[in-house]
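Note sheet for the following structure.
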């Protein structure tokens with residue numbers, strides 16, 4: 001029997017982009033078996049919540065493995081939404097998340113789920129990666145590509161963890177490893193992936209970067225300058241915390 005996977009889709013004002021991707025994702029994952037999907041709406045306003053309910057209701061009826069959405073009363077940040085969705089699921093062997101915009105296709109999500117299930121024990125966390133030299137077809141704005149490479153270098157240098165792309169919006173983590181580190185995770189913004197990476201690494205869980213095809217979708221909520229500064233600040237916080245623990 002295939003290992004169960006619980007896939008969270010964190011959303012903040014994503015009603016304009018999620019429907020085509022979620023429809024395809026439900027159809028693709030249904031063929032895999034033992035996959036559940038939960039949309040976590042991260043404190044959007046009432047009008048957005050209403051639109052999301054209108055999108056999700058018929059899909060939930062059509063696909064039983066698309067669970068009832070989780071509507072958070074306050075905006076916790078992307079990491080907070082992911083962790084909220086992981087916390088309410090209590091049995092899946094794998095915990096995963098994917099961005100709502102469809103930049104990473106449903107087919108790529110399914111491919112990484114298969115890779116996770118095919119791993120021998122002990123299992124590694126799988127982090128999708130968007131670098132050309134890894135072999136995937138990647139279409140990104142040059143500014144985002146440049147900032148992504150600089151940020152990857154910053155993470156590798158400050159944390160002494162070899163990683164090319166810590167921020168790609170598709171990851172799968174063994175539940176047992178996540179539960180062991182969850183009490184120490186504090187960062188809930190866009191750089192939550194970095195703290196998650198460092199905690200998994202320090203906790204003895206290997207992390208593998210898997211190349212994927214990525215087609216950037218317009219309409220994202222990341223502000224390149226402002227959020228890059230915040231993410232760099234959070235990387236420094238992770239570094240300081242790790243140093244204090246040694």
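Just so you know, all these numbers are worked out from the coordinates, no wet-lab data involved. These numbers come from a predicted model, not from an experiment. Counting neighbours? That spans all protein chains shown, and the Cβs are built from the backbone with ideal geometry, glycine included.
Compared with the alpha-carbon gap, the fully stretched path from residue 241 to residue 87 is longer by 53.1 nm at 0.36 nm per residue.
Take the Cα of residue 119, step 7 Å toward its Cβ, do the same at residue 184, and the gap between the two points is 1.8 nm. Bridge orientation summary for the chain: considering DSSP beta bridges with both residues in this region, about 25 percent are antiparallel.
Tell me, how many Å apart are the Cα centres for the range 100-129 and for the range 161-219? Taking the Cα centre of each part, the range 100-129 and the range 161-219 sit 12 Å apart.
Could you sort 177-185, 206-214 so that the peptide with the highest average Cβ count within 10 Å comes first and the rest follow in order?
Details: 177-185: 15.3, 206-214: 19.0.
So the order, starting with the most tightly packed, is 206-214, 177-185.
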